[in-house]
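Down below is the structure, laid out as structure tokens.
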Amino acid sequence: MQNRLGPNRVGPFGIFQTIADLFKLLFKELIPIKDADSFLFNLAPFIVIIASFMAIAAIPFAKGLHAIDLNIGVLYVIAVSAMGVIGVLLAGWSSNNKYSLIGAMRSGAQIVSYELSVGLALITIVIMAGSMQLSVIVEAQRDGWFIFKGHIPAFIAFVIFLISSTAETNRGPFDLAEAESELTAGYHTEYSGIKFAFFFLAEYINMFIVASIAATVFLGGWMPFHVGHWGGFNQVMDFIPPFIWYIGKTFFVIFLMMWFKWTFPRLRIDQLLTLEWKYLLPINLVNVLIMAFIVLMGWHF
Amino acid sequence: MASNQIMFILFAAMIVVFSILTVTTRKILRAATYLLFVLVSTSGLYFMLNYQFLAAVQLTLYAGGIVVLIIFSILLTSHISQNFESSGWKKNIFSALAAIIGAILSIVTILDYSFSATTQAAQEVDMRLIGKSLLSVEYDGYVLPFEVISVLLLAAMVAAIVIAKKGAPKKTVLPNLNQE
């Protein structure tokens, strides 16, 4: 994607670089900020990271490989990941820095509005699956992934989910919250050492969560790729372990999101809000209706 | 002591402590944060009761929605160095009285109600059941409150738009923070 090698001195081909980076971040000095609200300043990274880890708990990695299988799985993930934005807002405000504040405001406006699209896109599929339990949703895709079963509306929902979840995780082209050319680093400008690493880590965990929700809900989770009545082909596919399927699909979605980031230029804040409120949300609402109609008429596969 | 008793005491203590902190702190954003902790602990109680739907709704609506809006408006209006002056003793006494009377009233009501213990397993509340009872017109149905709330929300939205539109001709009312 990027046509560059990256750090390659630590271990063979640099595979231990991340571990070295982790140690570096752990040992770095935590710079206390004068005139900052130190309680909120220290609390904010923890809220962000706790929200991310709580969402991971509900994700089915393979059959039975599930920390908690709530019967409202989808709603739980939406609810918990909504908490992350509070950490971002607190971080921006308590840093007592204008760049941070503006970054936090942008991030707040962006996450609050794109959450709607994420939720509605997931609801489209929940209508089809008839359940919010993630394990049931995966099980319902045994004979075909929802993106194929639900054809047109499911595909629209998938595209909307990709766009809005990229925005929700503050990744490019929607990374105005930390637009380095305007805001140095946005809401985490003042953070250093491991506290900064928490924000950084939470962003990548969020990307992983979003990708795995996309994989679970639209692409069949850990279910192998099955085509109708091709018995032989299906059996060959069954030999690939479910965990590999799951990881493969998740990395495919992450690849798509990286692709976005390096392809499109960054949006302006008004363009960003216009995209959500004037295009994605109406399309999404109509799409939910279409999906309900199709399910009622039995026009899906 | 059973583990769920310990969890209950933990959540209850968190709710009490953070509720008191919410009203006694002099920094407005800290108050909002303590309020967030109160709401999250309440949803923890719901999770303990195995009523996951309500817990998730509590998290999305209150923690994810209302607290975010409160924090957002604080971010727009107040500065970090701003502290509230402490309210006078008259106000303190009367608000304490109001709080104590409210607490006594609810405690008396709760003690008055005879809770019948049951050995039945907790009922699984699934999406289908919730959806059906929200839209049912039977004895246990919630269609009337559901519709009343939707009318209320519509009215609130219309009102918000009207208020937002008011300043439209005079363009210089509010500088847009995000575009600076």
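The values are calculated or read from the model by the stated rules, or taken from the named source; none is laboratory data. Please read all numbers here as calculations on a predicted model, not as lab measurements. Every residue, glycine among them, receives a Cβ derived from its backbone with ideal geometry; neighbour counts consider all protein chains shown.
Which ones in region A:223-264 are among the aliphatic types (A, V, I, L, M), surrounded by fewer than 18 Cβ atoms within 10 Å (Cβ to Cβ) and at pLDDT below 80?
A:227, A:236, A:237, A:240
From B:71, B:9, which residue is of a type in the set (A, V, I, L, M, F, W, C), part of a helix (DSSP H, G or I) and surrounded by fewer than 19 Cβ atoms within 10 Å (Cβ to Cβ)?
Going through B:71, B:9 in turn, just one is of a type in the set (A, V, I, L, M, F, W, C), part of a helix (DSSP H, G or I) and surrounded by fewer than 19 Cβ atoms within 10 Å (Cβ to Cβ): B:9.
Taking region B:124-146 only, how many residues are within 18 Å of residue A:76 (Cα to Cα) and either in a helix (DSSP H, G or I) or at pLDDT 80 or above (or both)?
So the answer is 5.
Here is a check on your reading of the model: is residue A:221 within 28 Å of residue A:48 (Cα to Cα) and in a loop (DSSP other than H, G, I, E, B)?
yes
Checking residue A:267 against (1) in contact with a Phe, Trp or Tyr (Cβ under 9 Å, 6 or more places away or on another chain); (2) under 23 Å from residue A:208 (Cβ atoms); (3) surrounded by 18 or more Cβ atoms within 10 Å (Cβ to Cβ), which single condition isn't satisfied?
(2)
Residues of region B:12-51 being more than 23 Å from residue A:44 (Cβ to Cβ) and away from chain A (no Cβ under 14 Å), which ones?
The answer is B:12, B:13, B:16, B:45.
Given the condition in contact (Cβ under 8 Å) with a residue 12 or more places away in the chain, more than 19 Å from the chain's Cα centre (by Cα), within 22 Å of residue A:187 (Cβ to Cβ) and surrounded by 22 or more Cβ atoms within 10 Å (Cβ to Cβ), answer yes or no: does some residue in region A:19-33 qualify?
Checking region A:19-33: not a single residue is in contact (Cβ under 8 Å) with a residue 12 or more places away in the chain, more than 19 Å from the chain's Cα centre (by Cα), within 22 Å of residue A:187 (Cβ to Cβ) and surrounded by 22 or more Cβ atoms within 10 Å (Cβ to Cβ).
Determine which single condition residue A:267 fails, assuming it passes every other condition in (1) within 14 Å of another protein chain (Cβ to nearest Cβ); (2) outside any helix (DSSP H, G or I); (3) under 24 Å from residue A:151 (Cα atoms).
Here residue A:267 clears every test but (3).
Could you tell me whether region B:58-71 includes any residue that is touching a residue at least 40 places away in the same chain (Cβ under 8 Å) and assigned by TED's automatic domain parsing to the domain that holds residue B:27?
Yes: region B:58-71 contains one or more residues that are touching a residue at least 40 places away in the same chain (Cβ under 8 Å) and assigned by TED's automatic domain parsing to the domain that holds residue B:27.
Before we move on, is residue A:297 surrounded by fewer than 17 Cβ atoms within 10 Å (Cβ to Cβ) and under 22 Å from residue A:131 (Cα atoms)?
Spelling it out, residue A:297 is indeed surrounded by fewer than 17 Cβ atoms within 10 Å (Cβ to Cβ) and under 22 Å from residue A:131 (Cα atoms).
Suppose the filter is over 20 Å from the mean Cα position of the chain (by Cα) and buried (at least 24 other Cβ atoms within 10 Å of the Cβ); does residue A:150 pass it?
Yes: the conditions hold for residue A:150.
For region B:146-159, indicate whether the set of residues that are of a type in the set (Ser, Thr, Tyr), surrounded by 10 or more Cβ atoms within 10 Å (Cβ to Cβ) and within 23 Å of residue A:70 (Cβ to Cβ) is non-empty.
no
Report whether or not residue B:105 is more than 14 Å from chain A (Cβ to nearest Cβ) and over 30 Å from residue A:103 (Cα atoms).
Spelling it out, residue B:105 is indeed more than 14 Å from chain A (Cβ to nearest Cβ) and over 30 Å from residue A:103 (Cα atoms).
Which condition does residue A:163 not pass, out of (1) within 12 Å of another protein chain (Cβ to nearest Cβ); (2) among the β-branched types (Val, Ile, Thr); (3) under 22 Å from residue A:205 (Cβ atoms), if it passes all the others?
Unmet for residue A:163, out of (1) within 12 Å of another protein chain (Cβ to nearest Cβ); (2) among the β-branched types (Val, Ile, Thr); (3) under 22 Å from residue A:205 (Cβ atoms): (1).
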